[in-house]
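Below is one structure, written out as structure tokens, with a few remarks after it.
The values are calculated or read from the model by the stated rules, or taken from the named source; none is laboratory data. Predicted, not measured: the structure shown is a model, and the values here were computed from it. Ideal geometry is used to build each Cβ from the backbone, glycine not excepted, and the neighbour counts take in all protein chains shown.
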Amino acid sequence: MDRYALTGPPGSGKSSIILELEMRGEYVTREAAEDYIRLMHAKGIKAPWESEDFQQNILWLSMQRENRISNVKRVFHDRTRIDGLAYNPVDWIVDNILAATKQVRYKGVFLIEAKGDVISASYRRENLEEAKKVENGVIKYYTDLGYELIRVAHDSVDKRVDFILNAINSF
């Protein structure tokens, strides 16, 4: 199976791109953090990121989603477990992610570039400065793990998806 990662700063449009890929018939996994935060909000927890086990729960959900995939030709991930390093590089997360990256490799990693601002949402707490820090972190960790990032410039969702699909056809 060919796995492709979409990464980048919060608010850059990854989830919209994932949805468009799914609409075009591609198999996708949604971002674990966004879904987990929405679930906690639905349960009445206003700031789930303040919980001691927040990152652990996101890592677990992300790994569950990636590990359940079978019998598909290719899959696109809206963030991967590697992205967790940019948010919280504590030792136990680093150890778990590094161990997991030996089992799962991505055929391509797409860095979704932001327009220069952060689109706000109830599940997003990062401001522009924090989003840049996350972007620098994901670039560092994916590069450190031997990935060459393919930059996807800010554009319409359709053009970005076309770019990604054309790029994977040239691998």
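Would you confirm, using the coordinates I've provided, whether residue 105 is in a loop (DSSP other than H, G, I, E, B) and at pLDDT below 85? Full working, then the answer.
Details: in a loop (DSSP other than H, G, I, E, B): yes; at pLDDT below 85: no.
The answer is no for residue 105.
Looking only at the range 1-29, filter to residues that are surrounded by 19 or more Cβ atoms within 10 Å (Cβ to Cβ), hydrophobic (A, V, I, L, M, F, W, C) and out of contact with any Asp or Glu (no Cβ under 6 Å at 6 or more places or on another chain); which one of those is nearest to residue 64 (Cα to Cα)?
Among residues in the range 1-29 that are surrounded by 19 or more Cβ atoms within 10 Å (Cβ to Cβ), hydrophobic (A, V, I, L, M, F, W, C) and out of contact with any Asp or Glu (no Cβ under 6 Å at 6 or more places or on another chain), the one nearest to residue 64 (Cα to Cα) is 5.
From the residues in the range 113-171 that are within 20 Å of residue 19 (Cβ to Cβ) and aromatic (Phe, Trp, Tyr), which one is modelled with the lowest pLDDT?
Filtering the range 113-171 for residues that are within 20 Å of residue 19 (Cβ to Cβ) and aromatic (Phe, Trp, Tyr), the one modelled with the lowest pLDDT comes out as 123.
Looking only at the range 55-69, decide whether some residue is crowded, with 18+ Cβ neighbours inside 10 Å, touching a strand residue (DSSP E or B) at 6+ places or on another chain (Cβ under 6 Å), more than 21 Å from residue 114 (Cβ to Cβ) and not aromatic (Phe, Trp, Tyr).
Yes, some residue in the range 55-69 is crowded, with 18+ Cβ neighbours inside 10 Å, touching a strand residue (DSSP E or B) at 6+ places or on another chain (Cβ under 6 Å), more than 21 Å from residue 114 (Cβ to Cβ) and not aromatic (Phe, Trp, Tyr).
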